[in-house]
Amino acid sequence: VNAGTRAPDLAWMRRQALEFGALEISEREDLAMLAVQGPLARAQVVRLLPADAQAAALSLDPFCAREIAGWFIARTGYTGEDGFEVILPAGAAVRVWRELNALQVASCGLGARDTLRLEAGMNLYGADMDELHNPLESGLGWTVAFAPAGRAFIGRAPLEALKRDGVPRKLVGLVLEERGVLRAHQKVLVPGGGEVTSGTFSPSLERSIGFARVPQATPASVVVEVRGKPLAARIVKPPFIRHGRSLVTEIAG
Amino acid sequence: MSHVPPDLKYTKTHEWLRALPGGEIEMGITDHAQHALGDLVFVEVPQAGRSLAAGEACAVIESVKAASDLYCPFAASVVTGNPELAHSPELINEDPYGRGWVMRVRPSAAGALAGLLAAADYQALVASEP
């Protein structure tokens, strides 16, 4: 679960679990998770594994995971980069972190994570998605498996209704075409009104990017009110960057 | 420990001021402020000729994590903003008291720097912040 919403998420899961009879949910306080990301990340992580386990880790395909040498290793992450997320005994986490530093793997904080995830087109909980917005207006329709048609899941009925009636708003990517910085809550000046949900200065594109929730019929060129000034922005389909390379074509100016 | 040049004046909002020959005053943000903001990505300086009231926000300094206003502590008119900052905002991080100067103003009245903090007072202010 997202650390910030751990308590309400677990409470919700336990309430739902009551319907399923003998289902136990236990928290694993004895485990920790480290994300090691970047083109060289996997090669550095496997240096910390026993020699006979390294090939197994390197053979993992993207989005696949395996328990290897007492660690749970997944070729996943929330940065848009290649790399591993490693679940390991909590008592070993600090030592492993320092061993990675010694292998020239830099410690990073949430600021670095935020620019990477936004460049990669990934939502931030509490900003681009939250309890007040449904998945279809948050760019998350691809995460909902409506098929097979008979599959029951929590939330199916209201989402079917939304699909049938039309979802009024959508989450889009924005590239600011003038100098400045997009930030959450700035207004997108379009009929029906829109709002920036996330914004930052993209180190890779050297200009500001963000997400905004806007009405479905919004045109590709919009105006965003940035610190009281109307600035031109362009709607693009995320991601903005993949594996360090720009996917955004022809930025003006 | 942030660098606080002894010959400058300071404000509680982390600006520094330097009297230039000829009556102009040069301003910027302190080493403490640039460090707190992190890598700067955007700076907007005021236009030459603009009139500023005391305490008016007159420049915008943005890092990835935050946007910050720079305030002129006295009434003045803008002589010039630093033209380098449009393409190199990082000058403020690298050299906040030198090449990272933000703007030069001409105060409306004499004695503009009189009420401002001396280096030792600014140093004490920074030390007392959480």
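The values are calculated or read from the model by the stated rules, or taken from the named source; none is laboratory data. Remember, predicted model here, so these are calculated numbers, not experimental data. For neighbour counting, all protein chains shown are included, and Cβ atoms are generated from backbone atoms with ideal geometry for every residue, glycine included. Note: areas computed on protein heavy atoms with side chains; ligands, DNA, RNA excluded. Shrake-Rupley method; radii C 1.70, N 1.55, O 1.52, S 1.80 Å.
Looking at A:Arg156, A:Arg169, A:Arg164, A:Arg151, which is the one that is in contact with a His (Cβ under 9 Å, 6 or more places away or on another chain) and away from chain B (no Cβ under 14 Å)?
One residue alone meets the criteria, A:Arg169.
Within the range A:175-187, is even one residue away from chain B (no Cβ under 14 Å), touching a residue at least 24 places away in the same chain (Cβ under 8 Å), in contact with a Ser or Thr (Cβ under 6 Å, 6 or more places away or on another chain) and of a type in the set (Lys, Arg)?
No - not one qualifying residue is present in the range A:175-187.
Which condition from (1) buried (at least 22 other Cβ atoms within 10 Å of the Cβ); (2) touching a Phe, Trp or Tyr at 6+ places or on another chain (Cβ under 8 Å); (3) modelled with pLDDT of 95 or more is the one that B:Glu26 breaks?
(1)
Conditions first: (1) in contact with a helix residue (DSSP H, G or I) (Cβ under 7 Å, 6 or more places away or on another chain); (2) open to solvent by 40 Å² or more (accessible area, probe 1.4 Å); (3) within 19 Å of A:Asp114 (Cβ to Cβ). A:Gly244 passes all but one, so which condition is the exception?
A:Gly244 satisfies every listed condition except (1).
Scan the range A:144-155 and tell me whether some residue there is among the aliphatic types (A, V, I, L, M), buried (at least 18 other Cβ atoms within 10 Å of the Cβ) and within 26 Å of A:Ala120 (Cβ to Cβ).
no
Search the range A:42-60 for residues being open to solvent by less than 60 Å² (accessible area, probe 1.4 Å) and assigned to a loop (DSSP other than H, G, I, E, B), and hand back the single one that is nearest to A:Ala102 (Cα to Cα).
For the range A:42-60, the residue satisfying everything is A:Leu48.
Yes/no per residue for (1) touching a Leu at 6+ places or on another chain (Cβ under 7 Å); (2) modelled with pLDDT under 95; (3) within 14 Å of chain B (Cβ to nearest Cβ):
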position	(1), (2), (3)
A:Arg207	yes, yes, yes
A:Ala212	yes, no, no
A:Val223	yes, no, no
A:Arg227	no, yes, yes
A:Leu231	yes, no, yes
A:Ile235	yes, no, no
A:Phe240	yes, no, no
A:Leu247	no, yes, no
A:Ala252	no, yes, no
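Do we have B:Glu94 as under 26 Å from A:Gly111 (Cβ atoms), modelled with pLDDT of 95 or more, within 14 Å of chain A (Cβ to nearest Cβ) and over 14 Å from the mean Cα position of the chain (by Cα) here?
no
Name the residue that is farthest from the other protein chains (Cβ to nearest Cβ), counting only residues in the range B:30-43 that are free of Cβ contacts under 8 Å to residues at least 60 places away in the same chain and crowded, with 19+ Cβ neighbours inside 10 Å.
This residue is B:Leu37.
Considering the range A:105-126 alone, what residues qualify as being within 14 Å of chain B (Cβ to nearest Cβ) and either open to solvent by 30 Å² or more (accessible area, probe 1.4 Å) or more than 13 Å from the chain's Cα centre (by Cα) (or both)?
A:Cys108, A:Gly109, A:Leu110, A:Gly111, A:Ala112, A:Arg113, A:Asp114, A:Leu116, A:Leu124
Of these, B:Val60, B:Val64, which one is open to solvent by less than 30 Å² (accessible area, probe 1.4 Å) and either under 14 Å from the mean Cα position of the chain (by Cα) or closer than 24 Å to A:Ser202 by Cβ (or both)?
None of the others qualify; the one that does is B:Val60.
A:Val190 - would you say it is part of a loop (DSSP other than H, G, I, E, B), more than 14 Å from chain B (Cβ to nearest Cβ), over 30 Å from A:Gln16 (Cα atoms) and open to solvent by less than 40 Å² (accessible area, probe 1.4 Å)?
yes
Considering only the range A:61-80, I want to know if a residue exists there that is among the charged types (D, E, K, R), touching a residue at least 12 places away in the same chain (Cβ under 8 Å) and surrounded by 11 or more Cβ atoms within 10 Å (Cβ to Cβ).
Checking the range A:61-80: at least one residue is among the charged types (D, E, K, R), touching a residue at least 12 places away in the same chain (Cβ under 8 Å) and surrounded by 11 or more Cβ atoms within 10 Å (Cβ to Cβ).
Quick check, is A:Ile87 under 22 Å from the mean Cα position of the chain (by Cα), more than 20 Å from A:Leu247 (Cβ to Cβ) and in contact (Cβ under 8 Å) with a residue 12 or more places away in the chain?
Spelling it out, A:Ile87 is indeed under 22 Å from the mean Cα position of the chain (by Cα), more than 20 Å from A:Leu247 (Cβ to Cβ) and in contact (Cβ under 8 Å) with a residue 12 or more places away in the chain.
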